[in-house]
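Chemist: Mind having a look at this structure? Questions to follow.
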Amino acid sequence: MDSVILQAIGIATLATCLWVFRRRLRVTALDNLPGPPAKSWLFGSWEQLFGRGAWDYHRQISETYGDIMRVKGLCGANNLYVYDPKAVHHILVKDQDLYEETAGFLKTNSFTFGDSFFTALGDRHRLHRKMLNPVFSIAHMREMVPLFYEISHKLENTLRKMTANGPKEVDMLEWNTRLALELIGQSGLGYTFDTLEEGSTPHPYGIASKQFMPLSGGFHANVAKEVIAPIVARFAGPRVGRFLANWVPWKDLQGFRDVIDTLNGTAAEILAEKKKVILVGDEAMKAQVGHGKDIISILLKSNMDALGEDKLTDEELHGQVSALTFAATDTTSSALSRILYLLAINKDCQDRLRQEIRQAKEDNGGRDIDYDTLVSLPYLDAICRETLRLYSPVPYLLRTARADMVLPLATPVKGIDGSDIQEVLVPNGTILFVSVVSSNTNTKLWGPDSYEWKPERWLNKLPDTVINARLPGVYSHLLTFFAGGRSCIGFKFSQLEMKVALALLVDQLEFAVSKEQIVWQMTAVVLPHPDYDSVRPRLPLMISRAA
């Protein structure tokens, strides 16, 4: 039986490669676009594009070929690499239902999180967002501020205790992950994961979420996601997927399987507990962590009142819990870790930020800074915006054209035949790399210093080139939190978490770099590692009491 399954998958994989090869024989408009040469016929440029240390390659091709280019995919297929503002608007906003996530993304996330807003399409995805929108409103976030401070103070106190006898090296990625998980746990799920005390054991979910991106990122994992996962989903299903995860001699695959088990097991436990409490009544909910105001409690109550097709299934509710927890943990801890790392490198910026925070706290009578003041502190805001511009936690998006499309360009490009190309004919099935990092560092928009970290650029009027580009991003003329109906629904929530944490940590503690080398791997969510081959992310920083 096992051999039959493997033979069937092998035949399906071969058939897919032959189908791609036949498509490659057709000449399309994409063949006239300039682009980098492929490293190999079989894998095209994917090894360079998806490499964990691919930063220099992305910068090189952006500077050489411009805002849109042809890149070679698997079996010589033509893919598009794009960050032209007008083209991005069509892909992510105007024609978003015709540029869907790739089959690999949808199937892998379906295996991982179940039916969630990650995998829902069209009207179903809009329903998922509609039910979550109220809990990410400004009014609801204002209510969450005291809780954010309460949780963040726990980490502040722990780090102060750890540095009572002098400077200490601390893995801040671990603590930032634990903090982000506890923040989404209490405010989002009405569930506590962690005491945030020294010596306490991190929740298995936090450990698993840190391992998810290193195991699922990189060249080989992306090939497996985009080729094998859709085939398994189409011809076999989850049971065969589980069989392959157990049988294939690939250590990373077994690690990924264990991570998925932890994520799903935790989500199932949380959802079952919340359902029991809701059945008991409002008083029981108020007695819980989150007091019934957490995201999942609100979602479950709304779903109970929904009718017909507006009602989420149990599988979708499970998927919401799993996807929401993961999305709110990894990206926030990545961004917060990057900010602390940059402050450790740039002591003058750290000192200036500390002065701004302390002045705001003094103006508030020594109490925690109130919501309106916190979100409008100019230098804190500038540091967050500049970090999210230059070092987006998510470096790129993948999309697939679901029909033959015409993609207009803001800036024409020269075709290989010398013609001016003002719009690109995109064949059905074409994979598109929407480059967040290239868009956010576009020298034509941000100027020659676009690759430099300069928070001060946000204290002045932005260049007209940035304003006039009309990038569709939901945040600060950037693609960091994406655009359109699949933009990050919790981006303001994430910013508030980071600002609360920074207001407490930078006030009380000083951060400096350690002797350990740090590189930032270009996986689906960027994380710090000791080297590009590591699958265990960490960010050791030297921490001491601030004067």
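Chemist: Mind listing whichever residues of region 433-453 are of a type outside the set (Val, Ile, Thr) and over 18 Å from the mean Cα position of the chain (by Cα)? If you could, list the steps in order and put the result at the bottom.
Modeler: The first filter runs over region 433-453 and keeps only residues of a type outside the set (Val, Ile, Thr), leaving 433, 435, 438-440, 442, 444-453.
Matches in region 433-453: 442, 444, 445, 446, 447, 448, 449, 450, 451, 452, 453.
Chemist: Between 394, 437, 424, which is crowded, with 18+ Cβ neighbours inside 10 Å and part of a loop (DSSP other than H, G, I, E, B)? Step through it out loud before you land on a result.
Modeler: Numbers: 437 fails: part of a loop (DSSP other than H, G, I, E, B); 424 fails: part of a loop (DSSP other than H, G, I, E, B).
Answer to the check: 394.
Chemist: Given the residues 547, 524, 512, which is the only one that is among the small types (Gly, Ala, Ser), out of contact with any Cys (no Cβ under 6 Å at 6 or more places or on another chain) and under 23 Å from residue 366 (Cβ atoms)?
Modeler: On the way: 524 fails: under 23 Å from residue 366 (Cβ atoms); 512 fails: under 23 Å from residue 366 (Cβ atoms).
Testing whether each residue is among the small types (Gly, Ala, Ser), out of contact with any Cys (no Cβ under 6 Å at 6 or more places or on another chain) and under 23 Å from residue 366 (Cβ atoms) leaves just 547.
Chemist: Right, here's the next one. If I go through region 165-213 residue by residue, how many of them are in contact (Cβ under 8 Å) with a residue 12 or more places away in the chain and part of a loop (DSSP other than H, G, I, E, B)?
Modeler: Of the residues in region 165-213, 13 are in contact (Cβ under 8 Å) with a residue 12 or more places away in the chain and part of a loop (DSSP other than H, G, I, E, B).
Chemist: If a residue has to be under 21 Å from residue 494 (Cβ atoms) and not hydrophobic (A, V, I, L, M, F, W, C) to count, how many in region 357-395 make the cut?
Modeler: Total meeting the criteria: 17.
Chemist: If residue 81 satisfies all but one of (1) modelled with pLDDT of 95 or more; (2) closer than 28 Å to residue 534 by Cα; (3) in a helix (DSSP H, G or I), what's the number of the condition it fails?
Modeler: Of everything listed in (1) modelled with pLDDT of 95 or more; (2) closer than 28 Å to residue 534 by Cα; (3) in a helix (DSSP H, G or I), residue 81 misses just condition (3).
Chemist: Going by the conditions given, is residue 116 modelled with pLDDT under 95, surrounded by fewer than 22 Cβ atoms within 10 Å (Cβ to Cβ) and of a type in the set (Gly, Ala, Ser)? Quick ask: steps written out before the conclusion?
Modeler: Numbers: modelled with pLDDT under 95: yes; surrounded by fewer than 22 Cβ atoms within 10 Å (Cβ to Cβ): no; of a type in the set (Gly, Ala, Ser): yes.
When the stated conditions are applied, residue 116 does not pass them.
Chemist: Moving on. Cβ-Cβ under 7 Å, sequence separation 6+ or interchain: first residue in region 364-378 and more than 13 Å from residue 500 (Cα to Cα), partner assigned to a helix (DSSP H, G or I) and among the aliphatic types (A, V, I, L, M). Which pairs?
Modeler: Once the first residue is more than 13 Å from residue 500 (Cα to Cα) and sits in region 364-378, its partners that are assigned to a helix (DSSP H, G or I) and among the aliphatic types (A, V, I, L, M) give 378/459.
Chemist: Looking only at region 31-44, decide whether some residue is crowded, with 19+ Cβ neighbours inside 10 Å, in a helix (DSSP H, G or I), modelled with pLDDT of 90 or more and under 31 Å from the mean Cα position of the chain (by Cα).
Modeler: Checked region 31-44: no residue is crowded, with 19+ Cβ neighbours inside 10 Å, in a helix (DSSP H, G or I), modelled with pLDDT of 90 or more and under 31 Å from the mean Cα position of the chain (by Cα).
Chemist: Something else: Scan region 225-237 residue by residue and report those that are closer than 15 Å to residue 253 by Cα and modelled with pLDDT under 80.
Modeler: Within region 225-237, 228, 229, 232 qualify.
Chemist: Of 471, 505, which residue is buried (at least 16 other Cβ atoms within 10 Å of the Cβ), outside any loop (DSSP other than H, G, I, E, B), of a type in the set (A, V, I, L, M, F, W, C) and touching a residue at least 12 places away in the same chain (Cβ under 8 Å)? If you could, list the steps in order and put the result at the bottom.
Modeler: Working: 471 fails: outside any loop (DSSP other than H, G, I, E, B).
Within the list 471, 505, the selection yields 505.
Chemist: Exactly one of these conditions fails for residue 314: (1) within 24 Å of the chain's Cα centre (by Cα); (2) modelled with pLDDT of 85 or more. Give me its number.
Modeler: For residue 314, the failing item is (1).
The values are calculated or read from the model by the stated rules, or taken from the named source; none is laboratory data. Predicted, not measured: the structure shown is a model, and the values here were computed from it. Backbone-built Cβ (ideal geometry, glycine too); neighbour counts: all protein chains shown.
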